[in-house]
1. Does any residue of segment 179-190 turn out to be among the β-branched types (Val, Ile, Thr), at pLDDT 95 or above and touching a Phe, Trp or Tyr at 6+ places or on another chain (Cβ under 6 Å)?
2. As an exercise: evaluate Leu171 against (1) closer than 30 Å to Asn55 by Cα; (2) in a helix (DSSP H, G or I) and give the number of the one condition it does not meet.
3. Within segment 86-98, can one find any residue that is in contact (Cβ under 8 Å) with a residue 60 or more places away in the chain, buried (at least 21 other Cβ atoms within 10 Å of the Cβ), away from ligand 2 (no atom under 16 Å from the Cβ) and farther than 23 Å from Ala257 by Cα?
4. Checking Ser52 against (1) small (Gly, Ala, Ser); (2) part of a helix (DSSP H, G or I); (3) within 16 Å of ligand 2 (Cβ to nearest atom); (4) more than 21 Å from Lys262 (Cβ to Cβ), which test does it fail?
5. In segment 57-73, which residue that is in contact (Cβ under 8 Å) with a residue 60 or more places away in the chain, surrounded by fewer than 24 Cβ atoms within 10 Å (Cβ to Cβ) and not charged (D, E, K, R) is farthest from ligand 1 (Cβ to nearest atom)?
6. Which pairs turn up if I take residues in segment 189-215 that are more than 13 Å from ligand 2 (Cβ to nearest atom) and look for partners that are of a type in the set (Asp, Glu) with beta carbon separation below 6 Å, at least 6 apart in sequence or on another chain?
7. Any residue at all in segment 55-62 that is away from ligand 2 (no atom under 16 Å from the Cβ), at pLDDT below 95 and acidic (Asp, Glu)?
Amino acid sequence: MEQRGGEAVRKFNLMKKILVTGGCGYIGSHTAIEIQQQGKYEVISIDSCINSHENTVDRVKAITGKDYKNHKVDLVDLEATRAVFRQYDDIVGVIHFAALKAVGESVEKPMEYYHNNFESLINICKCCEEFNIPNLIFSSSCSIYGNVEKLPVSEDTPTSGAESPYAYTKLVGEEMLKAYVRSQDKVKVVALRYFNPVGSHPTGLNGELPINKPTNLVPVITQTAAGIIPKMMVFGGDYDTRDGSCIRDYIHVVDIAEAHIKALDYLLENKNQAPYEVYNLGTGEGISVIEAINAFEAVTGQKLNYEIADRRAGDVVAIYSDSTQALERLGWKTKLGIEEMMASAWKWQKNLGVKK
Ligand code: NAD
Ligand code: WQD
C-alpha cells in the first residue's frame with residue numbers, strides 16, 4: 001500500500017481535491033471551470049498535452065479567477081502517475097478524460113490508440129485503488145453504439161458496434177471497468193457516454209482548440225465562417241432523414257461538464273445502486289447537419305459557404321440519446337440548446353481569429 005506524503009501540501013490546502021485527467025483538453029478544461037465555480041473542490045490536472053496546450057490553465061483562470069495545477073505527465077507511465085497521486089492525500093474523486101480521440105487517426109494508428117487509452121485507464125485504476133480514492137468517472141462515447149436499429153438509444157441498447165479502434169477503446173474500456181469493480185471493493189465507477197459535445201464557454205474565453213485540421217462539424221462550421229476553410233462540405237444529402245443529411249445529438253460542453261459534477265456527487269453521496277453504472281449524456285433531440293448550419297447562420301448572422309458532397313465513410317445515419325436515466329438517477333438534464341452551442345462556438349472562434 002502506498003503512503004501519501006507531501007506535508008507542505010497537507011498543511012496549506014484544506015479543500016478536498018478532484019483529479020481531472022486531460023484537464024488541459026476540451027471537456028476537461030470546461031469541467032475544471034465548473035468545479036472551480038461550484039467552489040466545493042480544488043482541481044488538480046494530469047495532462048501530457050499530447051493534444052492540448054498547457055496555457056489552457058491560464059484561460060480557465062481568466063474565467064474563474066482560480067489557479068489549478070497541471071502535472072505534465074504521460075498517464076501511460078505508471079511511476080510518474082503514482083508520483084503525482086503521492087503528492088496529495090485529499091483527492092476524493094478522479095475524472096478520467098485523458099485519451100486520444102480522433103476516429104480517423106485511430107484507423108491509421110490503432111496500436112497508438114490501444115496503447116495510450118488502455119494503459120492510461122489501467123494506471124488510473126491502479127492508482128485509485130492504491131491511494132484509496134473511491135470514486136472514478138470515465139469518459140465513454142456514443143460511438144460504441146455504432147449503427148443502431150431503434151432510436152433514441154438508451155443505455156440498454158446493444159453496444160457491439162464499435163466501428164473504429166477509437167470506439168473500441170471505449171467499448172473495451174467499459175468492459176475493463178466492469179471487471180475492475182468486480183475484482184475489488186474500494187473503487188466505484190460511473191461511465192458517461194457523451195453524444196456530440198460542441199460549443200464553448202459562454203464567455204468565449206475557452207473552447208476546443210483543434211491542433212490539426214478539424215474534422216468535427218462545429219469547428220468546421222466556425223472555421224468556414226472565419227474564412228480559414230474556404231468552403232465546407234455537407235457529407236451526404238441523400239440519407240433517409242427529413243432533409244437528407246445525417247442526424248446527431250449535439251450537446252453543449254458546459255452541460256457535459258455539469259453532468260460530471262452531478263455524477264461525482266452521486267458517487268460521493270453513495271447514491272449508486274451498483275459499483276459500476278453507465279449513463280448516456282445527450283439532449284434527446286436529433287439535429288441534422290443542415291439544421292445545424294441553419295442554426296449557426298441564424299444565431300450569428302454569418303453566411304456559410306457550403307455544398308452537399310458525397311457521404312463520409314463510416315458515418316451512421318442518425319443517432320440521438322435517451323437520457324432519462326441521467327435525469328432520474330443523477331438529477332441531470334441539459335439546459336442549453338443549439339443556439340447557445342453555436343453562439344458560444346462562434347464567440348470562441350472570433351477569439352481564436354478570423355481571416356475575413
Ligand atoms: P481532448 O483531446 O481535448 O482532451 C483529452 C486530453 O487528454 C488532451 O488534453 C490530451 O493531451 C490528454 N491526454 C491524452 N492522452 C494522455 C496521456 N496518455 N496522458 C496524459 N494526458 C493525455 O479531448 P476531449 O474532447 O476533451 O475528450 C475528453 C474525453 O471525452 C476523451 O476520453 C474522449 O474520448 C471523450 N469523448 C469526447 C467526445 C468529443 O466529441 N469531444 C465525445 C465522446 C467522448
Ligand atoms: C457530425 C455530422 C458528419 C464535418 C464523432 C466521433 C464520435 C464522438 C463525437 C468521440 C456527421 C457531418 C462533419 C464536415 C459534415 N467523439 N459533417 N461536414 O462523426 O458524429 O462523431 O464525434 O467520442 O466518436 O465519431 O461527429 O462532428 O465529425 O460529424 O457534413 O465537414 O456532421 O458527416 O453527420 P460524429 P462529427
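1. Yes, some residue in segment 179-190 is among the β-branched types (Val, Ile, Thr), at pLDDT 95 or above and touching a Phe, Trp or Tyr at 6+ places or on another chain (Cβ under 6 Å).
2. (1)
3. Yes.
4. Result: Ser52 fails condition (2) only.
5. Checking each candidate, the answer is Ala62.
6. Filtered contacts from segment 189-215: Val190/Glu277.
7. No.
Matching residues to (1) among the β-branched types (Val, Ile, Thr); (2) in contact with a Lys or Arg (Cβ under 8 Å, 6 or more places away or on another chain); (3) closer than 19 Å to Leu268 by Cα:
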| position | (1), (2), (3) |
| --- | --- |
| Ile27 | yes, no, no |
| His30 | no, no, no |
| Ile33 | yes, no, no |
| Gln37 | no, no, yes |
| Lys40 | no, yes, yes |
| Ile44 | yes, yes, yes |
| Ser52 | no, no, no |
| Asp58 | no, no, no |
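The values are calculated or read from the model by the stated rules, or taken from the named source; none is laboratory data. Just so you know, these numbers come straight off a predicted model, no measurement behind them. Note that we place each Cβ from the backbone using ideal geometry, even for glycine, and neighbour counts take in every protein chain shown.
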